[in-house]
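Here the structure comes first, spelled out in structure tokens, and everything after it is commentary.
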Amino acid sequence: MFLYAFRRLLLAIPVILGVTFAVMLTIELIPGDPVTLMLGEYATKESVAHVRQALGLDKPLPVRYVQYLSNLARGDLGRSIREGRPVSQELADVWPETVKLTTAALVIAVVFGVLAGVISAVWPNSFFDGVVRLLSLFGLSMPVFWTGLTLIILFSLWLQWLPVGGTGSLRHLILPAITLSLPSLAMVARMTRSSVLEVLREDYIRTARAKGVREQIVVLKHGLRNACIPIVTLLGLQVGQLLGGAVLTETVFAWPGMGRLIVRAIFARDYILLQGAILVFALAFVVINLIVDLSYAAFDPRVSRQ
Amino acid sequence: MGAGSAVRADAWRRFLRNRLAVIGLIIVCGLLLTAILAPMLAPYDPSKQDLPSKRTPPGKRYVLGADEFGRDILSRIIYGTRVALLVGTVSVGIALGLGLLFGILSGYMGGTVDALISRGLEILLAFPYLLLAIAVVSALGPGVLNTTLAVGIWAMPAFTRIIRASVLSLKDLDYVQAARAIGVPTQAILLRHILPNFLPTLIVYSTLYMANAILVEAALSFLGLGVQPPTASWGLMVATGRDFLLTAPHITTIPGLAIMLAVLGFNLLGDGLRDALDPKLRT
């Protein structure tokens, strides 16, 4: 187990280095001179030269990469062009809001997705199963930003039950979290249904039933537990989906998190802030995937023995 | 090729028995026809402004209402089909092309090439969902072409992985080994013995990724990073109605239904094709 964890950690290092390099490289892709774009066309020659030097853009790429990495190791992501504040501080301000939103959405997706999936699998082709399958098809097809706006029209503007946007109370969290969770909820329900259905066909389930184990125990202990691995794999992927979807949900609900910061940074042409935010998003995702991989080993002892 | 056509007829029969799959096929055909016949179907010029009737709710004159510039929403949705399908098809084409190149290189050559490509993929897959597309488009700038590129690059890793896995599983099969042993050139082995075997998988994934590509394009355009006004893009249309949610909700809600219908169509068709072409993959 420890050897497996160690090897898995070791494998993450090149990915992290690569992600850092790729993020640094995005500034190279920008057509034209990024510094002039950032400062606007009325910037003086001196200020352009100053920023270029401060960003190290006058140095060759490998030198810059090493510089970037060593700054990163010290938690220094540079200063945002607009506000002049350290990027790390700007990100630290908004990061908790995105964590709150995505965690809430993940919890909703897991709880209701697994529940709906298990019930569907226990009574396949029933009325409930039909409804779940139809709704999950719609859940996968609705664009997150549109769902959010439609929920705002319904529950905030017409019924006036919930706030239109912003943050502060638990009531503010309800609509954004539901909006963000729907596509993942649909995926989790589908995956749970199919993997529980598959497991329930196994011989050991028949044996358990034959020896008189109660049906609830058969489904929950033997069925769901063995269906866990594909569900956990899916959850790892869904976290990526949720982090990406957060950009849209936060924009719709004026939720002051990382996603809105990214959109703001793009429109302000604040590439330093943007780089920092995208890097943090990607690193968070790498770490989460690492945790998912390690948790397989906990669910299934066979994994660590490979 | 008697056996081949029998297999195909069998798959076709399985497909037709699946009601949802047929609905998906009908929706997708409807979208294609709408895109092709847009100038004939649209009652108005999609960019013609009629300021006195701005934000008119759905009614007799404008069936689905008018937007904030008094443009006919129905006509804009009809022309928007072109953007959605164009960006979707070309980006899936890009992803498929690059995926075939890297997937086959990686799977068939193995060794250092495989290791390099696989690490590269892991790096791209580390960017959660929309973020990769956002990163590309923020660097390249907005517009139809850059949006298509961004969506294509976003979808490429998934295609490469699927193709690599298929090539890996096929290249050790007895008949492929036999072909290699008697000296069939690599190109011919790939074209004649390996590619046909994962063609069904590719068709299924391309269809399902069309749904995703349409969603990603709509999302980028909604954020203002994708297709730019005055081009009629569904995501952009949803965004422009945001300031009038209370007084004219139809500007936002109706174009969203078009996105949903299109995505639903490709999802249903993809699921149906998967069940018909490759019963093993069924979920």
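The values are calculated or read from the model by the stated rules, or taken from the named source; none is laboratory data. Bear in mind that the values here come from a model prediction, so they are computed numbers and not experimental data. FYI the Cβ positions are ideal-geometry reconstructions off the backbone, even for glycines, and counts take in every protein chain you see.
Structure above, values below:
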| quantity | calculated |
| --- | --- |
| Selection count, the range B:33-53, where residues are surrounded by 15 or more Cβ atoms within 10 Å (Cβ to Cβ) and of a type in the set (A, V, I, L, M) | 4 |
| Every residue from the range A:23-35 that is more than 12 Å from every other protein chain (Cβ to nearest Cβ) and modelled with pLDDT under 75 | A:ASP33 |
| Residue check, A:SER88 touching a residue at least 40 places away in the same chain (Cβ under 8 Å) and either away from chain B (no Cβ under 14 Å) or over 21 Å from B:VAL136 (Cα atoms) (or both) | yes |
| Members of the range B:207-231 that are β-branched (Val, Ile, Thr), more than 10 Å from chain A (Cβ to nearest Cβ) and part of a helix (DSSP H, G or I) | B:THR207 |
| Failed criterion for A:HIS222 (all others in (1) touching a Leu at 6+ places or on another chain (Cβ under 9 Å); (2) assigned to a helix (DSSP H, G or I); (3) under 30 Å from A:ASP76 (Cβ atoms); (4) of a type outside the set (Phe, Trp, Tyr) hold) | (3) |
| Some residue of the range A:192-203 being within 12 Å of chain B (Cβ to nearest Cβ), part of a helix (DSSP H, G or I), at pLDDT 80 or above and under 19 Å from the mean Cα position of the chain (by Cα) | no |
| For A:SER70: the one exception among (1) at positive phi; (2) without any contact (Cβ under 8 Å) to a residue 12 or more places away in the chain | (1) |
| Filter result for B:LEU86 (surrounded by fewer than 18 Cβ atoms within 10 Å (Cβ to Cβ), at pLDDT 90 or above and closer than 30 Å to A:ARG260 by Cβ) | yes |
| Criterion: surrounded by 14 or more Cβ atoms within 10 Å (Cβ to Cβ) and under 26 Å from B:TRP154 (Cα atoms) - qualifying residue of A:LEU106, A:LEU29 | A:LEU106 |
| Some residue of the range B:48-65 being touching a residue at least 60 places away in the same chain (Cβ under 8 Å) and assigned to a helix (DSSP H, G or I) | no |
| The range B:232-249, residues that are in a helix (DSSP H, G or I), surrounded by fewer than 24 Cβ atoms within 10 Å (Cβ to Cβ) and more than 10 Å from chain A (Cβ to nearest Cβ) | B:THR240, B:ASP243, B:PHE244 |
| Residue check for A:PRO124: within 14 Å of another protein chain (Cβ to nearest Cβ) and within 30 Å of A:ALA254 (Cα to Cα) | no |
| Lone qualifier among A:ILE288, A:ILE231 - being free of Cβ contacts under 8 Å to residues at least 60 places away in the same chain and in contact with a Gly (Cβ under 9 Å, 6 or more places away or on another chain) | A:ILE288 |
| Test: residue in the range B:193-206 that is among the hydroxyl-bearing types (Ser, Thr, Tyr), within 30 Å of B:GLY143 (Cα to Cα), modelled with pLDDT of 85 or more and part of a helix (DSSP H, G or I) | yes |
| Qualifying residue in the range A:237-255 (condition: more than 10 Å from chain B (Cβ to nearest Cβ), of a type in the set (Val, Ile, Thr) and out of contact with any Gly (no Cβ under 8 Å at 6 or more places or on another chain)) | no |
| Test: residue in the range B:154-164 that is assigned to a helix (DSSP H, G or I) and loosely packed, with under 12 Cβ neighbours inside 10 Å | no |
| Residue within the range B:151-165 that is within 11 Å of chain A (Cβ to nearest Cβ), closer than 29 Å to B:LEU236 by Cβ and among the small types (Gly, Ala, Ser) present | yes |
| Set B:ASP67, B:ASP10, B:ASP50: member being in contact with a helix residue (DSSP H, G or I) (Cβ under 7 Å, 6 or more places away or on another chain) and either on the phi < 0 side of the Ramachandran plot or at pLDDT below 90 (or both) | B:ASP67 |
| Enumeration of residues in the range A:261-277 that are facing another protein chain (nearest Cβ under 7 Å), at pLDDT 90 or above and surrounded by 22 or more Cβ atoms within 10 Å (Cβ to Cβ) | A:ILE262 |
| Count of the range A:139-158 residues which are within 18 Å of B:ALA239 (Cβ to Cβ), assigned to a helix (DSSP H, G or I) and at the interface with chain B (Cβ under 7 Å from one of its Cβ atoms) | 7 |
| Any hit, the range B:263-271, residues being more than 30 Å from B:ARG13 (Cα to Cα), within 20 Å of the chain's Cα centre (by Cα) and not in a loop (DSSP other than H, G, I, E, B) | no |
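Let's see how each residue does on (1) aliphatic (A, V, I, L, M); (2) at pLDDT below 90:
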{"position": "A:VAL114", "(1), (2)": "yes, no"}
{"position": "A:ALA121", "(1), (2)": "yes, yes"}
{"position": "A:VAL131", "(1), (2)": "yes, no"}
{"position": "A:LEU162", "(1), (2)": "yes, yes"}
{"position": "A:ARG171", "(1), (2)": "no, yes"}
{"position": "A:SER184", "(1), (2)": "no, no"}
